[in-house]
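The values are calculated or read from the model by the stated rules, or taken from the named source; none is laboratory data. Note that this is a predicted model, so its numbers are computed, not measured. We place every Cβ from the backbone using ideal geometry, glycine too, and count neighbours over all the protein chains shown.
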Amino acid sequence: MALNKFQIAQRIAKELQDGFYVNLGIGIPTLVANYIPLGIDVVLQSENGLLGMGPFPIEGEESADLINAGKQTITTLPASSIFDSAMSFGMIRSGKINLTVLGAMEVSEHGDIANWKIPGKMVKGMGGAMDLVASAKNIIVAMMHTNPAGESKLLKKCSLPLTGTNCVKKIVTDIAVVEITASGFKLLERAPGVSVEEIMSKTAANLIVEGSIPEMKF
Amino acid sequence: MNKLYKNADDAVKDIQDGQILMLGGFGLCGIPENCITALVKKAVKNLTCISNNAGVDDFGIGLMLQQKQVKKMIASYVGENAEFERQLLSGELEVELIPQGTLATRCMATGYGMPAIFTPAGVGTEVAVGKEVRNFNGKDYLMEYAFDADYAIVKAWKGDKQGNLIYKDTARNFNPLMAMAGKITIAEVEELVEDGELDPNFIHTPGVYVHRIFKGENYEKRIEQKTIRKS
């Protein structure tokens, strides 16, 4: 059974370690915040200038002055801090953020990522994605394994304009966990009930499979 | 020294057609609402606007787009605006999209008196086309120039007559960076206080960067995406 987006987020949450500062992108990555394991203390960064992002406010307590990078109303936590946009990207560029999770349209076997532009269609802009992928030490991509047309989003080479090169370390999709190694995509885990053959058939690049591949655990 | 202006109309009165403006804010959070309204009323045209976003159809910079006052938009993300899209696709509007951290740091460079910065953002992408690439310690960086803007227009929570500013929550975003970067910086504030009322230890923008200040009125402070939890 392929995972739904909540289960993808739940699997990514297992990558969190105590003391991590984490930037979560818009979409599936945002959901990771709902599955932070008990006993693990992580601090969420929002690149519009907040460290220590809290949950959504309750009705009546929302403020136009307090939003996240997705422009949603949020709250602060005890010991949150607020700063300007240059400092926000300063902590990203200087490697203080331990993990970045973001979505993608395509990822190549070299870790290139494309997620900001489809030529010929309306271009919304890269926002902070190019800064994040150029600097983060550890980048996990959360995405569906194939696009709505059924084509693989894991490719030998990206066809869309790139957001960054040689940066993605791991991909968690609805059917697999894939690591990006110097030799290309390496299959680490499969979704419960999904065969290695199915994952290979949906991956448009070489997929390294060593030994028996365990099912994902949650 | 008199930095105090009566209102937004007074503060923007000498802005001319074709000038380069920086406008603070992230999405609709911390945008200079009063000055945008005054610029729409004043009907200046052919402006170049540097701002992280371009507002929405009927609020923020979107109001200036509706009046076709913007010739060129320099931003990192412009996704929430149908009129923007129409003008872009019809060729009426020129757009330069740049990474958000690059945008912020190019403002900072101006305010810090540095002509350029080196950033890894955009290396190996179309953002790098035509730019100098320099390798430091084995990693490639793009050289990006400091901005040169005629006016920076920012919104703060509190300010005094010296132009010292304090921002509230994430409405800070680009405001202090742009405040440092204008040849002339205009600050609109929700609360204008007497000199001495702001604690010097908690000033975000020192008054030296601010040339004009006024108390804004009737803030709508629209929320783009109200999200709430049940309990």
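Checking each residue in the range B:53-106 for being surrounded by 15 or more Cβ atoms within 10 Å (Cβ to Cβ), in contact with a Cys (Cβ under 9 Å, 6 or more places away or on another chain) and under 27 Å from residue A:132 (Cα atoms) picks out B:61, B:73, B:74, B:75. The range A:49-125 holds strands (runs of 3 or more DSSP E) entirely within its bounds, and those carrying 2 or more residues that are farther than 15 Å from residue A:136 by Cβ, more than 8 Å from chain B (Cβ to nearest Cβ) and without any contact (Cβ under 8 Å) to a residue 60 or more places away in the chain map to A:50-53, A:76-82. In the range A:145-152, the count of residues that are surrounded by fewer than 18 Cβ atoms within 10 Å (Cβ to Cβ) and under 15 Å from the mean Cα position of the chain (by Cα) is zero. Restricting attention to the range B:57-90 and to residues that are at pLDDT below 90 and more than 24 Å from residue B:147 (Cα to Cα), the residue that is nearest to the other protein chains (Cβ to nearest Cβ) turns out to be B:85. Output the residues belonging to the range B:129-175 that are acidic (Asp, Glu), farther than 20 Å from residue B:110 by Cα and assigned to a strand (DSSP E or B). Selection gives B:140, B:160. Out of B:104, B:54, B:121, one residue alone is within 14 Å of chain A (Cβ to nearest Cβ), part of a loop (DSSP other than H, G, I, E, B), under 26 Å from residue A:95 (Cβ atoms) and of a type outside the set (Val, Ile, Thr). It is B:121. In this entry, residue B:75 is excluded by the filter for residues that are in contact with a Phe, Trp or Tyr (Cβ under 6 Å, 6 or more places away or on another chain) and touching a residue at least 24 places away in the same chain (Cβ under 8 Å). Residues in the range B:148-177 that are basic (Lys, Arg) and more than 14 Å from chain A (Cβ to nearest Cβ): B:161 alone. Would it be correct to say that residue B:65 is of a type outside the set (Lys, Arg), in contact (Cβ under 8 Å) with a residue 24 or more places away in the chain and in a strand (DSSP E or B)? For residue B:65, the condition - of a type outside the set (Lys, Arg), in contact (Cβ under 8 Å) with a residue 24 or more places away in the chain and in a strand (DSSP E or B) - is not met. In this structure, does residue A:181 turn out to be away from chain B (no Cβ under 14 Å), of a type in the set (Ser, Thr, Tyr) and touching a residue at least 60 places away in the same chain (Cβ under 8 Å)? No; evaluated as a whole, the condition is false for this residue. Each residue in the range B:181-215 was checked for being under 22 Å from the mean Cα position of the chain (by Cα), in a loop (DSSP other than H, G, I, E, B) and more than 21 Å from residue B:50 (Cβ to Cβ), and 2 pass. Under 8 Å between Cβ atoms, which residue pairs at least 6 apart in sequence (or on different chains) link something in the range A:15-40 that is surrounded by fewer than 17 Cβ atoms within 10 Å (Cβ to Cβ) with a partner that is among the acidic types (Asp, Glu)? Within 8 Å, the pairs are A:18/A:41; A:19/A:41; A:39/A:18; A:40/A:18. Taken over the range B:197-231, the criterion of being in contact with a helix residue (DSSP H, G or I) (Cβ under 8 Å, 6 or more places away or on another chain), among the acidic types (Asp, Glu) and facing chain A (nearest Cβ under 10 Å) is satisfied by B:220 alone.
For the range B:59-115, the set of residues classified as among the aromatic types (Phe, Trp, Tyr) and more than 17 Å from residue B:25 (Cβ to Cβ) consists of B:112 only. Is at least one residue of the range A:129-139 facing another protein chain (nearest Cβ under 10 Å), farther than 25 Å from residue A:10 by Cα and of a type in the set (Asp, Glu)? Yes, some residue in the range A:129-139 is facing another protein chain (nearest Cβ under 10 Å), farther than 25 Å from residue A:10 by Cα and of a type in the set (Asp, Glu).
Among all positions in the range B:111-118, there is at least one residue which is surrounded by fewer than 20 Cβ atoms within 10 Å (Cβ to Cβ), touching a helix residue (DSSP H, G or I) at 6+ places or on another chain (Cβ under 7 Å) and within 11 Å of chain A (Cβ to nearest Cβ).
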